[in-house]
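Everything below concerns the one structure shown next.
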């Protein structure tokens, strides 16, 4: 497939960079922020066990993880404050959504939204998303969101960027053929770095035809607080869709 022409902001790195071993590299920063308020702490004690993703037993089917079998299941890796995850789950009630977040305070925030909206189609995992990817059955997901992951801007930190070659293999294993991997970032260097890896991956296509295809959000998009901050700073977010072959 012919790839679209890239503008100056989308120039790819000239050569691959070394990447850490997928089982050894730490992909996340701090796990905890400010002390939780009493309401958040109560939700962590009482609500989280109700909606937590249970990986204590082998997962035979992702639909079995929900109280009512959804028609499809999506995964969001690093849901931050949970705005996108909760908003998408509310607007697509027939689908199931698994959300992974390593930051303790972020988990508390999504619980507030789940409780307020009465959402029953979300399962939450606090911790390393690689554990979820390794536990899910092959070709079980209808799509994956990776929205504004930590760009790890320093060169020595780049091995901690999430979409490495090894991670793309992991994501490909759990995605159905034809399923989208949706990636958003406002960091030009990270966009080019990621595109270099996707374009050399044997498992994904990038179907974009022109710049507008990645310069506008996806249909039905629910914005995030990080995106709002990026826009206030004058950044230009990019929204990439990669398709599992």
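The values are calculated or read from the model by the stated rules, or taken from the named source; none is laboratory data. Treat the numbers as computed from the prediction; the structure is a model and nothing was measured. Methodologically, a virtual Cβ is constructed for each residue, glycine included, from the backbone with ideal geometry; neighbour enumeration extends over all protein chains shown.
When segment 31-48 is limited to residues that are surrounded by 15 or more Cβ atoms within 10 Å (Cβ to Cβ) and in a helix (DSSP H, G or I), the one that is modelled with the highest pLDDT turns out to be 48.
Just one of (1) surrounded by fewer than 21 Cβ atoms within 10 Å (Cβ to Cβ); (2) under 20 Å from residue 241 (Cα atoms) fails for residue 131. It is (2). Residues that are surrounded by fewer than 16 Cβ atoms within 10 Å (Cβ to Cβ), within 26 Å of residue 150 (Cβ to Cβ) and in contact (Cβ under 8 Å) with a residue 40 or more places away in the chain occur at least once in segment 49-59. Take the conditions touching a residue at least 40 places away in the same chain (Cβ under 8 Å), buried (at least 17 other Cβ atoms within 10 Å of the Cβ) and either in a strand (DSSP E or B) or in contact with a helix residue (DSSP H, G or I) (Cβ under 6 Å, 6 or more places away or on another chain) (or both) and apply them to residue 124. Does it pass? Yes, satisfied. Of all the residues in segment 90-121, those that are surrounded by 17 or more Cβ atoms within 10 Å (Cβ to Cβ), free of Cβ contacts under 8 Å to residues at least 40 places away in the same chain, within 15 Å of residue 43 (Cα to Cα) and touching a helix residue (DSSP H, G or I) at 6+ places or on another chain (Cβ under 7 Å) number 3. Which one is surrounded by the fewest Cβ atoms within 10 Å (Cβ to Cβ) among residues in segment 202-218 that are assigned to a loop (DSSP other than H, G, I, E, B), without any contact (Cβ under 8 Å) to a residue 60 or more places away in the chain and more than 17 Å from the chain's Cα centre (by Cα)? Among residues in segment 202-218 that are assigned to a loop (DSSP other than H, G, I, E, B), without any contact (Cβ under 8 Å) to a residue 60 or more places away in the chain and more than 17 Å from the chain's Cα centre (by Cα), the one surrounded by the fewest Cβ atoms within 10 Å (Cβ to Cβ) is 202.
Checking the stated criteria, residue 80 turns out to be modelled with pLDDT under 95, under 20 Å from residue 171 (Cα atoms) and in contact with a strand residue (DSSP E or B) (Cβ under 8 Å, 6 or more places away or on another chain).
Within segment 143-159, the set of residues being surrounded by fewer than 19 Cβ atoms within 10 Å (Cβ to Cβ) and more than 13 Å from the chain's Cα centre (by Cα) comprises 152, 153, 154, 155, 156, 157, 159.
Return a yes/no flag: does segment 219-230 have any residue that is free of Cβ contacts under 8 Å to residues at least 60 places away in the same chain and farther than 21 Å from residue 86 by Cβ. There is no residue in segment 219-230 that is free of Cβ contacts under 8 Å to residues at least 60 places away in the same chain and farther than 21 Å from residue 86 by Cβ. Name the single residue, out of those in segment 80-89 being in contact with a helix residue (DSSP H, G or I) (Cβ under 9 Å, 6 or more places away or on another chain) and either in a helix (DSSP H, G or I) or touching a residue at least 60 places away in the same chain (Cβ under 8 Å) (or both), that is surrounded by the fewest Cβ atoms within 10 Å (Cβ to Cβ). Ranking the qualifying residues of segment 80-89, first place goes to 87.
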